[in-house]
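Trainee: Handing you a structure now.
The values are calculated or read from the model by the stated rules, or taken from the named source; none is laboratory data. This structure is a prediction, so every number in the text was calculated from the model and none was measured. Cβ sites come from the backbone with ideal geometry, for glycine too, and all protein chains shown count toward neighbours.
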Amino acid sequence: MSDETSVRLGLPLLQSGQAQKEMFHNEALTLLDLAVQPVVESVGMNAPPTAPVAGICWVIGTAPSGAWTGQAQALAGWSEAGWRFIAARDGMAAWSLVDGAIARFSDGAWTVGRVSGTEVVLGGNVVVGARQAAIADPAGGSTTDAAARAAIISILAALRTHGLIAR
């Protein structure tokens, strides 16, 4: 941590004997307002809007221009004092209004609407867990039921397509 800013969000820290501490405190609060549970208009916009409204935020794209130059993939928020930026860090998430989904920053990029985890739990019950081994399509047998076989093949295809069993 530097003596002047916080480690993760780069918030300005108060210094002993510092004049006008309220300015630094207010700047830190403005940046926290942008960073905590952000809701953004969109993800990946490269040019700032022409008439931003105070309190509205965006996730900047990879080739920013204008007032956003040098702030690739950062959170950008307009305040009454101008643009404020928070650099993206792995694990950051923001609700994207235009997409109606969560955007997450990981491995140097924002992804929208992607959910990852190890299982899905509904009502306390695991309904989707780890991927299972491949299951072969039915073949052979002494009695062949074409309709049942077609149904089983369709079920297996759906499970493979959704990634629930290996191909």
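Trainee: Return yes or no: is Ala54 hydrophobic (A, V, I, L, M, F, W, C), part of a loop (DSSP other than H, G, I, E, B) and over 28 Å from Val115 (Cα atoms)?
Mentor: Yes: the conditions hold for Ala54.
Trainee: If the Cβ limit is 8 Å and pairs must be 6+ apart or interchain, which residue in the range 55-73 that is surrounded by 18 or more Cβ atoms within 10 Å (Cβ to Cβ) pairs with which residue that is in a helix (DSSP H, G or I)?
Mentor: Cys57/Leu34; Ile60/Trp68
Trainee: Is there a residue being more than 15 Å from Val39 (Cβ to Cβ), assigned by TED's automatic domain parsing to the domain that holds Gly44 and either among the hydroxyl-bearing types (Ser, Thr, Tyr) or surrounded by 13 or more Cβ atoms within 10 Å (Cβ to Cβ) (or both) anywhere in the range 119-135?
Mentor: Checked the range 119-135: no residue is more than 15 Å from Val39 (Cβ to Cβ), assigned by TED's automatic domain parsing to the domain that holds Gly44 and either among the hydroxyl-bearing types (Ser, Thr, Tyr) or surrounded by 13 or more Cβ atoms within 10 Å (Cβ to Cβ) (or both).
Trainee: (1) touching a Ser or Thr at 6+ places or on another chain (Cβ under 8 Å); (2) of a type in the set (S, T, N, Q); (3) more than 30 Å from Val115 (Cβ to Cβ): which one isn't true of Gln73, the others all being true?
Mentor: The one condition Gln73 does not meet is (3).
Trainee: Checking the structure you have, find out if any residue of the range 55-66 is modelled with pLDDT of 95 or more, out of contact with any Gly (no Cβ under 9 Å at 6 or more places or on another chain), under 22 Å from Leu29 (Cβ atoms) and among the polar types (S, T, N, Q).
Mentor: no
Trainee: Here's something else I'd like to know. Look through the range 73-101, keep the residues that are touching a Gly at 6+ places or on another chain (Cβ under 7 Å) and either at pLDDT 95 or above or not assigned by TED's automatic domain parsing to the domain that holds Gln37 (or both), and return whichever of them is farthest from Ala130 (Cα to Cα).
Mentor: Asp99
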